[in-house]
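Chemist: This is the structure I have questions about; it appears just below.
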Amino acid sequence: MKPDSLLYPAPKGLYCQKGDFYIDPVQPVERALITHGHSDHARAGHRRVLATRETLDIMRIRYGDGFCGESEIAKLGEAMTVNGVRVSFHPAGHVLGSAQIAVEAGGKRIVVSGDYKRRSDPTCRPFEPVSCDVFITEATFGLPVFHHPDDRAETARLLASLKQFPERAHVVGAYALGKAQRVIALLRQQGYDEPIHIHGALAKLCEYYRTEGIDLGDLRPATLAGDKRPDFAGGIVIGPPSAFADRWARRFAEPVAAFASGWMLIRQRAKQRGVELPLVISDHCDWAELTGTIREIAPAEVWVTHGREEALVRWCELECIPARPLHLVGYDDEGE
């Protein structure tokens, strides 16, 4: 069986005709296999959804109990059959519950990475390389210019700024799923045990992470209502990037605007967002990690999707690895 007869791009997403299922479809379908809970990969409205328990829980938190018709839990590392096609889920290291999906039939195995990272993250299982004939990799930061610094050094910069400007509130933009919890956990690892105040949009997911045994320390609401409004001077406040577009972020004491994202490596992006303290903390691989992962897995072929596809395809060609871009649409960098 040729790989592209087992799995191929279709208008609704990656489609396996033999198994009659999609992986991370961008429109409602009869059967969807979901890699992780970010909204560009995990949409509501599918008839049947197969995903890890954590991803199903996260979809339920974000969309409500009726997010799909039927759901089924995929246990990491355990193979199952979907309409005669063997599938298995393996840790991707992106966010809590994230998984790569291996699809096997006719003697061929294709592994769909979803989004993944290789850095240590106390809030989710680490990425596990899976041998395969075809590796479908994301390429969010698929350019040689992207070399992300050490995460601990970035959180140390935040703590140093907090010490230098104790009269100012440090307001950190971080996506609600994965990034916010990771930034909090990194701060705790650095020994910061003061209360961290969070925007209400983060509360349910942070509480879910707690129920999964991930210690985030003392979290309190960043409430500004009432006669005695706190100004959070000398403290850390974390909220979703969208909150920085309204008056919420401007109510704090001389706020230091910070943003945790791999894109903060690009100074112009930080400037456009009005970010005073850019924190280069990414939930995706940088260039060296992407190419290192491909070398480690050593697939016969590489397909590249949602990101800087052409540069990584060219690198594969120079390494004598057959590769092609998939040009899938409908995916963004919500997790960044």
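Chemist: Are any of the residues in the stretch 80-90 more than 14 Å from the chain's Cα centre (by Cα), within 18 Å of Thr305 (Cβ to Cβ), open to solvent by 50 Å² or more (accessible area, probe 1.4 Å) and of a type in the set (S, T, N, Q)?
Modeler: Looking through the stretch 80-90, none of the residues is more than 14 Å from the chain's Cα centre (by Cα), within 18 Å of Thr305 (Cβ to Cβ), open to solvent by 50 Å² or more (accessible area, probe 1.4 Å) and of a type in the set (S, T, N, Q).
Chemist: Quickly run through the stretch 96-113 and pick out the residues that are assigned to a loop (DSSP other than H, G, I, E, B) and either touching a helix residue (DSSP H, G or I) at 6+ places or on another chain (Cβ under 8 Å) or surrounded by fewer than 24 Cβ atoms within 10 Å (Cβ to Cβ) (or both). Full working, then the answer.
Modeler: We begin by selecting, within the stretch 96-113, every residue assigned to a loop (DSSP other than H, G, I, E, B); these are 96-98, 106-107, 113.
Correct list: Leu96, Gly97, Ser98, Gly106, Gly107.
Chemist: Filtering the stretch 251-262 down to residues that are in contact with a strand residue (DSSP E or B) (Cβ under 9 Å, 6 or more places away or on another chain) and not in a loop (DSSP other than H, G, I, E, B), which residue is surrounded by the most Cβ atoms within 10 Å (Cβ to Cβ)?
Modeler: Applying the first criterion (in contact with a strand residue (DSSP E or B) (Cβ under 9 Å, 6 or more places away or on another chain)) to the stretch 251-262 yields 252, 255-261.
Next, only the ones that are not in a loop (DSSP other than H, G, I, E, B) stay: 256-260.
On the way: Val256: 21, Ala257: 20, Ala258: 25, Phe259: 25, Ala260: 29.
This residue is Ala260.
Chemist: If a residue has to be part of a helix (DSSP H, G or I), open to solvent by 20 Å² or more (accessible area, probe 1.4 Å) and under 23 Å from Lys179 (Cβ atoms) to count, how many in the stretch 265-305 make the cut?
Modeler: 10
Chemist: Report every pair of residues separated by at least 6 positions or lying on different chains whose Cβ atoms are under 7 Å apart, first residue within the stretch 73-87 and over 23 Å from Asp57 (Cα atoms), second open to solvent by less than 50 Å² (accessible area, probe 1.4 Å) and among the β-branched types (Val, Ile, Thr).
Modeler: Val85/Val103
Chemist: Considering only the stretch 119-161, how many residues are in contact (Cβ under 8 Å) with a residue 24 or more places away in the chain and not in a loop (DSSP other than H, G, I, E, B)?
Modeler: 15
Chemist: Let me ask something else about it. When you scan the stretch 1-94 for strands (runs of 3 or more DSSP E) that lie fully inside it, which ones turn up with 3 or more residues that are in contact with a Leu (Cβ under 8 Å, 6 or more places away or on another chain)?
Modeler: 13-16, 21-23, 31-33, 46-51, 68-73, 85-91
So that you can scan it fast, the table gives a plain yes or no per residue for (1) modelled with pLDDT under 95; (2) surrounded by 21 or more Cβ atoms within 10 Å (Cβ to Cβ); (3) in contact with a Lys or Arg (Cβ under 6 Å, 6 or more places away or on another chain); (4) not assigned by the TED database to the domain that holds Gly114:
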site: Gln17; (1), (2), (3), (4): no, no, no, no
site: Asp20; (1), (2), (3), (4): no, no, no, no
site: Gln27; (1), (2), (3), (4): no, no, yes, no
site: Ile34; (1), (2), (3), (4): no, yes, no, no
site: Gly37; (1), (2), (3), (4): no, yes, no, no
site: Ala42; (1), (2), (3), (4): no, yes, no, no
site: Gly45; (1), (2), (3), (4): no, no, no, no
site: Arg48; (1), (2), (3), (4): no, no, yes, no
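The values are calculated or read from the model by the stated rules, or taken from the named source; none is laboratory data. Worth saying up front: this structure is predicted, and the values here are computed from it rather than measured. Using ideal geometry, Cβ is built from the backbone for each residue, glycine included, and neighbour counts are taken over all protein chains shown. When the accessible area is computed, the model is the full protein with side chains, heavy atoms only, and any ligands, DNA or RNA have been set aside. Shrake-Rupley method; radii C 1.70, N 1.55, O 1.52, S 1.80 Å.
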